[in-house]
Structure formats: C-alpha cells, structure tokens
Amino acid sequence: MYPLAKAGEPVTFQFVDVTNETVHNHLLDWEGSLDYWKQLKAIVDSETTPAYFRSMYGMLQSLGIEKGKPFNPDARMTSILEEAAQTAVAQMRVNAYANREPEAIVWKDRNWEWVPIRQYNTTTKDFGTASFQDLQATEHFYFPAIGGSASIGKRQVGSGSIYFAALRDNTSAFLDGGKAYKLTVPTPVPANLFWSATVYDVDTRSMIATDQDKAVLSSLFTKFQPNPDGSIDIYFGPNAPAGKEGQWIKTIPDKGYFVYFRIYGPDSAALDGTWKLNNIVEMK
C-alpha cells in the first residue's frame, strides 16, 4: 500500500515471511505467579483510572498496588499473591473446561457447549444484562480466548458466527490427546459461508502445535471425502487413520485439548435444533 501520489515510484516496503516463526504468549509466563501482579501494577501505572473501578483499585491498594507508588511485597505478601494467582488460574480453568451451567449445553442430548455461554450484550458492551455483568460467563470466554466482538457467538441467522465447543466425548470423558476419536458431521451444514473444526491445546489455549502443522479442517479449503449418506468424518488422535489423512488433526499424547466447531453465516437449522452435531466418539 502507498499513497496514490507515489504511484510508479519504487516500492520500498518489505514483507517478512513469519511462516516458521513461533509467537510467544507472555501471558503464559505471567499467570499463576507473582509476575501476574507485577504486570497488573504496570497496567495500573500506565493506564487511566476509570471512576467506576474505584472499589477495585481500593482492593488492589490493600495488596500494595497503587498508581505511582512502588510495589515491593514482602515475603509474606509474596506468598499470598503467588497462591492467589495459582488458585485463580485453577478456578478459571475449571470454569472454562468443566462449567456446570445448564445454559452452556447446546443440545440436551449432546455434549457440545455454547461459546460464549451468554451472548455479548451490545448495549452494556459485555457478557451481562442491564442489571449485572456475568463474571463467570466473562471468565469462561476470555480464559481460552484472546478477544471478542459483537459478532462472535451471535445466535442470529445469516450474520456473524456461532461457536460450539467439545471438551468431552460421547461418554462425557475429557478428550485425551493419546486416544483416537471420530466426529461425524451431518450435511449439509447450515452455513451460508463456511464451517470449520479447530483443535486447541488446553494449556496454551492456542491452536494445537504438532509436526503435522495443522489445527483446522474447514469446508473453505479442505477436500473432504463424504460418506455414502453425505456426512463427513473428521478424525482426532496421535496417528492418522489409514486413507483419511486429509481429514485428520494430530493430537499430543498425555495432553488434553478441546474442539471449536464454527459456523459462519449460520442458517436457521443451526439454531432451532433441526440440525445437530454428533458427539465426538472414541475409536477403540
């Protein structure tokens, strides 16, 4: 891109190929340790202090975190803050991966869950109502995710995208990276644009990283081999099923994961229960 006035001049902009580069998520270094509080202190110092957060700033002040003042916790406070950070991460992990809200379930006879649990409120600009912000729904979404928009999880025909999450198989056991699974997707999938299935690492909450270098199967670019009834089988596991390598995502033994099934431009069948995703089934 360049100003139109410079059309015809030599292009000096250089594109950098980062295909083989790894993006380091520093948040994973901070969470569960005193570093979290240090980073929070840096944010408090550098950002404005909205009046509606006064009570929260008061709680931080009692921990030694106050704008413009040194943060030097002693051994006792350091121990307390480290334990609090570890407990918080564990709590958010349970809330994200073992949520017990009945509203989380998409179809009562399946294990797929809504993401987010509560739809984004365009008026309050959060996951809440006019009366309150749903903190559990907020944590449920932002622990495994980076950001959000009004279109994510918008349960409306024709626009945005809807997310279904699978953390468990058909027996309600958590997905295990050392086991082989199959997901049979009924077709046609009610997507006006496209659909996809993506595998995420439970620890990093990022796309799974293996030597296969693939975490997504999508109707946008995957050439699926449909079954005789038109359904499509997707496979997850440490080893590829014979002849189905193109419809398989490699997983890591001794590591958990979860699957997001996205529908972009959802049709009514994706929302009214006339179309349902099958549970992920372990292949013995």
Could you tell me which residue of region 95-124 is surrounded by the fewest Cβ atoms within 10 Å (Cβ to Cβ), considering only residues that are among the aliphatic types (A, V, I, L, M) and in a loop (DSSP other than H, G, I, E, B)? 98
Counting only residues in region 150-163 that are in contact with a helix residue (DSSP H, G or I) (Cβ under 9 Å, 6 or more places away or on another chain) and not in a loop (DSSP other than H, G, I, E, B), the one nearest to residue 260 (Cα to Cα) is identified as 162
Looking only at residues in region 57-70 that are surrounded by 12 or more Cβ atoms within 10 Å (Cβ to Cβ) and either of a type in the set (A, V, I, L, M, F, W, C) or not in a helix (DSSP H, G or I) (or both), which one is farthest from the chain's Cα centre (by Cα)? 69
When both residues are 6+ apart or on different chains and their Cβ atoms are under 8 Å apart, which pairs have a first residue that lies in region 240-257 and is farther than 24 Å from residue 173 by Cα, and a second that is surrounded by 14 or more Cβ atoms within 10 Å (Cβ to Cβ)? 244/233; 244/235; 246/222; 246/224
Of the conditions (1) touching a Phe, Trp or Tyr at 6+ places or on another chain (Cβ under 7 Å); (2) within 15 Å of residue 234 (Cα to Cα); (3) polar (S, T, N, Q), residue 206 satisfies every one except a single condition; which number is it? (2)
So, first residue closer than 20 Å to residue 27 by Cα in region 124-147, second residue aromatic (Phe, Trp, Tyr), Cβ within less than 8 Å, six or more apart or across chains; the pairs are 138/127; 141/127; 144/200; 144/258
Within region 134-149, count every residue that is outside any helix (DSSP H, G or I) and either under 12 Å from the mean Cα position of the chain (by Cα) or surrounded by fewer than 15 Cβ atoms within 10 Å (Cβ to Cβ) (or both). 7
Any residue that is out of contact with any Ser or Thr (no Cβ under 6 Å at 6 or more places or on another chain), within 30 Å of residue 29 (Cβ to Cβ), among the basic types (Lys, Arg) and in a loop (DSSP other than H, G, I, E, B) - is there at least one of those in region 222-242? no
Residue check: is residue 119 in the same structural domain as residue 203 (by TED's automatic domain parsing) and polar (S, T, N, Q)? yes
In region 1-48, which residue that is polar (S, T, N, Q) and surrounded by 11 or more Cβ atoms within 10 Å (Cβ to Cβ) is modelled with the lowest pLDDT? 25
Do you know which residues across region 247-269 are in a helix (DSSP H, G or I) and closer than 14 Å to residue 196 by Cα? 247
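The values are calculated or read from the model by the stated rules, or taken from the named source; none is laboratory data. Source: prediction; values computed, not measured. Positions of Cβ are generated from backbone atoms using ideal geometry, with glycine treated the same way; all protein chains shown enter the neighbour counts.
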